[in-house]
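Below you'll find the structure, written out as structure tokens, and then a few comments.
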Amino acid sequence: MAFAGLTADARIVINRARVECQSHKLTVEDPVTVEYITRYIATLKQRYTQSNGRRPFGISALIVGFDDDGSPRLYQTDPSGTYHSWKANAIGRNAKAVREFLEKNYKEEAIATDRETIKLAVRALLEVVQSGGKNIELAIIRRNQPLQIFSAKDIESQVAEIEKEKEESEKKKKKSI
Amino acid sequence: IQLLHGTTTLAFKFQHGVVVAVDSRASAGNYIDTLEANKVIEINPYLLGTMAGSAADCQHWERLLAKHCRLYALRNKERISVSAASKLLANMLGEYRGMGLSVGSMICGWDKKGPGLYYVDDNGTRLSGPMFSTGCGNTYAYGVLDSGYRPDLTVEEAYALARRAIAQATHRDAYSGGVVNMYHMKEDGWIKVERTDVSDVIHKSLEARQ
């Protein structure tokens, strides 16, 4: 789960989600589907929009994972408690710019391999992040494997590669003009 | 209080699914309440539950289980798995542990993982296995089942084995009798195979021997 908003609120939601994942596995003997846990989180958030003396959780969340049958899922929730399934999305202050970038560039070729997909994600963030690789965190989740968080070095090398490609494509444009 | 579990029920998995067979005698002490009790609850087209023990307890809790299974399907847009359904029942019964419930049930079904068979009882026990028999006639049924069971039985052989096991159990157990109600759980749901009077089964097998 990735979130944008009040970190303290996020920790509470994450904790509740973790407990529910275990609880579900205990009572039903199957791991949760991504949709189920998203629905749980969304229901939790909605409850806080309709109770006395409480304020809504100040976070939007992106929930990713694989279902038992192996299909990958991405869901987004917001403080109102709505949730939707997505192929690509962004949350946060500059989400609009990143989302527009993804709308233009999320194509079959761009997600054909791991490397291309990572590049797409980094390029999307570089649209709105100022000082490049130092302010980016990247993680990949693969089917039946634990979450792999990229080291700062790997991110730097990705960013460097992308900047080089950008330079080269600009040079080509200048040449053709 | 020693409650009598007057019943014989059985179920076993084989290559063509799960066969479920039960007797139909409901006894209250030494009095036969009815010869035509229904000891199989049809939870949904892919799930069956058998009842042994206290008729009231079994009916109540298994009907409650049917309600929960339906709600699960509505909320999660897919049918509940046999393992989850049996776990729900086991959890419900476990909360009343020590308070005198008497339920010995087998939850049978076919889900994404294939044919499923679980034994659940009032102690909170929940076991998965290829063959179970419950009720006070179960020892007699096990005798017949164990000597005739093979995982590669044909459909007709499996029906004959289940029919024979219930019939022989009712023959010796005073608290079992009536008719054999038999179901066959297949990949596309269960079918009710037959409802045969046990005396017919016994007489036919005696004739065959002569």
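The values are calculated or read from the model by the stated rules, or taken from the named source; none is laboratory data. What you see is a predicted model; the values in this text were computed from it and never measured. As a convention, Cβ positions derive from the backbone with ideal geometry for all residues, glycine included, and neighbour counts pool all protein chains shown. Just so you know, the surface numbers come from the protein's heavy atoms only, side chains and all, with ligands and any DNA or RNA stripped out. Shrake-Rupley method; radii C 1.70, N 1.55, O 1.52, S 1.80 Å.
Extension gain B:Asp152-B:Lys186, at 0.36 nm per residue separation less the Cα-Cα distance, in nm?
10.7 nm
Under the rule of at least 5 residues apart or a separate chain, name every residue whose amide H is placed under 5 Å from the amide H of B:Asp197.
When sequence neighbours closer than 5 places are left aside, the close amide H contacts are B:Val180.
I'd like the Karplus ³J(HN,Hα) series for segment A:116-132: coefficients 6.51, -1.76, 1.60, θ = phi - 60°, whole numbers in Hz, and an x wherever there's a Gly or Pro.
In residue order, the calculated couplings are 5, 5, 4, 4, 4, 5, 5, 4, 4, 5, 4, 4, 10, 8, 6, 8, x Hz.
Number of Lys pairs in segment A:89-176 with C-alpha atoms less than 14 angstrom apart, excluding same-chain neighbours closer than eight positions?
Numbers: A:Lys96/A:Lys104; A:Lys107/A:Lys119; A:Lys119/A:Lys164; A:Lys119/A:Lys166; A:Lys134/A:Lys153; A:Lys164/A:Lys172; A:Lys166/A:Lys174.
Count of close lysine pairs: 7.
Amide H of B:Thr7 versus every other amide H placed in the peptide plane: which residues, excluding those fewer than 5 positions away on the same chain, fall under 5 Å?
B:Cys136, B:Gly137
When the Karplus curve 6.51 cos²θ - 1.76 cosθ + 1.60 is applied with θ = phi - 60°, which whole-Hz ³J(HN,Hα) does each residue of segment B:201-206 get, with x for Gly and Pro?
Residue by residue, segment B:201-206 yields 4, 5, 5, 4, 6, 5 Hz.
Please get the size of the charge dipole for chain B, origin at its Cα centre, with Cβ charges of +1 on Lys and Arg and -1 on Asp and Glu, quoted in debye to the nearest 20.
Values: 23 positive and 22 negative charges, 116 e Å.
The dipole of chain B has a size of about 560 debye.
Between A:Asp154 and B:Ser199, what is the spin-label point distance in nm, taking each point 7 Å from the Cα along the Cα→C-beta axis?
Going from the A:Asp154 label point to the B:Ser199 one covers 7.7 nm.
Rounded, prolate or oblate: which one fits segment B:3-82, using the alpha carbon gyration tensor with axes a ≥ b ≥ c (rounded when a/c is under 1.5, else prolate when a/b beats b/c, else oblate)? Intermediate values should be presented prior to the final figure.
Working: a/c = 3.17, a/b = 1.62, b/c = 1.96.
Oblate shape, in that a/c is at least 1.5 and b/c is the bigger or equal ratio.
For B:71-80, what's the mean count of beta carbons from other chains sitting within 10 Å of each residue's beta carbon?
Shielding by partners across B:71-80 averages 1.
How charged is the neighbourhood of B:Tyr149? Take every other residue with its Cβ under 12 Å from the Cβ of B:Tyr149, and add Lys/Arg as +1 and Asp/Glu as -1.
Combined, the nearby Lys, Arg, Asp and Glu give 0.
Using the Kirkwood radius over C-alpha pairs as Rh, can you work out the diffusion coefficient of the protein assembly as shown via Stokes-Einstein at 4 °C, viscosity 1.567 mPa s, in µm² per second?
52 µm²/s
In Å, what Kirkwood hydrodynamic radius results for segment A:89-176 from the alpha-carbon pair distances?
One over the average 1/r among Cα pairs gives 14.1 Å for segment A:89-176.
Explain nothing, just the number: relative contact order of chain B, from Cα pairs under 8 Å at least 6 residues apart, as a whole percent.
Relative contact order of chain B: 28 percent.
So what is the accessible area of segment B:71-210 per residue, in Å², with the probe set to 1.4 Å? Could you put the intermediate results ahead of the total?
Numbers: 6890 Å² over 140 residues.
For segment B:71-210, the per-residue accessible area is 49 Å².
Can you pull a Stokes-Einstein diffusion coefficient for chain A at 10 °C (1.306 mPa s), Rh from Kirkwood over Cα pairs, as a whole number of µm²/s? Please report the intermediate quantities before stating the final value.
Details: Rh = 18.2 Å.
The estimated diffusion coefficient comes to 87 µm²/s.
Apply the Karplus parameterisation 6.51 cos²θ - 1.76 cosθ + 1.60, with θ equal to phi minus 60°, to every residue of segment A:23-34 and state each ³J(HN,Hα) to the nearest whole Hz, in sequence, with x for glycine and proline.
4, 4, 5, 6, 7, 10, 6, 10, x, 5, 7, 4
Where does chain A land at 222 nm, in deg cm²/dmol rounded to the nearest 500, when only DSSP H runs of n ≥ 4 count, each adding -39500 (n - 2.57), divided by all residues?
After summing the helix terms and dividing by the residues of chain A, the value is -16500 deg cm²/dmol.
Out of B:Val179, B:Thr134, B:Gly148, whose Cα points farthest toward the positive end of the dipole of segment B:127-187 (charges: +1 Lys, Arg; -1 Asp, Glu; placed on Cβ)?
The residue sitting farthest along the positive end of the dipole is B:Val179.
Just want the answer: with Cβ charges of +1 for Lys and Arg and -1 for Asp and Glu, which residue in B:Gly49, B:Ala73, B:Ala158 is farthest toward the dipole's positive end in the protein assembly as shown?
B:Ala73
To the nearest whole number, what is the average tally of beta carbon atoms from other chains within 10 Å of the beta carbons of peptide B:84-92?
2
What residues from segment B:130-144 fall in the zone where the backbone N is under 19 Å from a label point 7 Å along the Cα-to-C-beta line of B:Gln15?
B:130-131
Express in nm, to one decimal, how much length is gained between A:Leu6 and A:Ser80 on full extension, taking 0.36 nm for each residue of separation and deducting their alpha carbon distance.
Taking A:Leu6 through A:Ser80 to full extension adds about 25.2 nm, to one decimal.
Select from B:Cys58, B:Phe14, B:Met99 the residue farthest towards the positive end of the dipole of segment B:1-104; place +1 on Cβ of Lys and Arg, -1 on Cβ of Asp and Glu, and compute about the Cα centre.
My answer, from the dipole projection, is B:Phe14.
Taking 22 Å as the cut-off for C-alpha to C-alpha distance, list the pairs among B:Lys87/B:Lys112; A:Lys45/B:Lys87; B:Lys77/B:Lys113; B:Lys113/B:Lys186 that go past it.
Check vs 22 Å cut-off fails for A:Lys45/B:Lys87.
Have a look at A:Val128, A:Val64, A:Val19 and tell me which one the Gaussian network model of chain A (Cα, springs below 10 Å) gives the largest fluctuation.
Top of the fluctuation ranking is A:Val19.
Looking at segment B:76-210 from every direction and averaging, what is the projected area of its Cα convex hull in nm²?
If I average the Cα hull's projected area over directions, I get 9.8 nm².
Suppose every K and R has +1 on its Cβ and every D and E has -1 on its Cβ; what is the size of the dipole of chain A about the Cα centre, in Debye to the nearest 20? The partial results should precede the final answer.
Values: 30 positive and 25 negative charges, 127 e Å.
Around 600 debye, computed over chain A.
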